[in-house]
Amino acid sequence: MTDAIPAATLIVLRDRSDGPPDILMVERAAAMAFAGGALVFPGGRIDAGDYALALAMGDDDLAPRLAAIRETIEEAGIAIGIDGDIESMRRALAGGAPLAELSPVDPTPLVPYARWRPDHVPVRVFDTHFFLAHLPETAPEARVDATENSRVLWTTAADALAAADRGEATLLFPTRRVLERLAEHGDSNAAFAAAARWPVRTITPWVETRGDGEWICIPDDLGYPVTAEPASRAVRG
């Protein structure tokens, strides 16, 4: 199996009074080598500072949560589990400061939701932890970083999927599967209940040859309503 880059991403949920929750997403800059132009959840690589802070906090397993917190500050200007001036924190992180230098961090608001490790050799391989979190009531407006990403938006899972079906957005295979699962939740509490109900097991999609061609498949026991997609339609990085 190809070596994978450890990564983490954060699904920030904002409840609405008239329908399912909004989800924070960013559009990757078209020039990016990986997932250029795709709609994704804020996230990125787990870096050395994340591991160091997790070790200092006494739990190595916290590194993915810390990375997801850091990346969401950097990419969308939203801070979960950490207080402070957002723009000051973004500038510090952009300048190379580790998360540990900003403020005490509380990773407990982040709840594990999924883990994906595609192994499609022609593209960069990431082992990505997906977490859920509520948008804090005091959170400012999300603001794009205008470097790795070209747009930040709030959208429902159903609307993001519909935009992709109309050709107005690009969704990677794992992002589409996660959005299909999120679309089943009427509010954020239902999403957190599903996170508690279904196990988090690393998903590595595989290809099956069927009568109508090749399909990319995932396990059917992890809470996903759609577990296969024709390879000809799938976007894989």
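Numbers below:
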item	result
Summed residue charge, Cβ within 10 Å of A114's Cβ, Lys/Arg positive, Asp/Glu negative	+4
Nearest-20 debye value, region 5-230 charge dipole, Cβ charges on Lys, Arg, Asp, Glu	280 debye
Sorted by Cβ density within 10 Å, fewest first, the residues S103, S17, S232	S17, S232, S103
Formal net charge of residues neighbouring P42 (Cβ-Cβ distance under 9 Å; K, R +1; D, E -1)	-3
Residues V207, V125, V12, sorted so that the one with the fewest Cβ neighbours within 10 Å comes first	V207, V125, V12
Cβ-defined net charge surrounding F131, 12 Å radius [Lys, Arg +1; Asp, Glu -1]	+1
3J(HN,Hα) from dihedral phi, region 84-91, Karplus parametrisation 6.51/-1.76/1.60, rounded to Hz, x for glycine, proline	x, 6, 4, 5, 5, 5, 4, 5
I86, I80, I11 arranged by Cβ crowding within 10 Å, fewest neighbours leading	I86, I80, I11
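All of the numbers you see were taken from the coordinates with simple rules; none came from a lab. Note that the structure is predicted; figures quoted are calculated from it, not measured. Here Cβ is always computed from backbone atoms with ideal geometry, including for glycine, and neighbour counts include all displayed protein chains.
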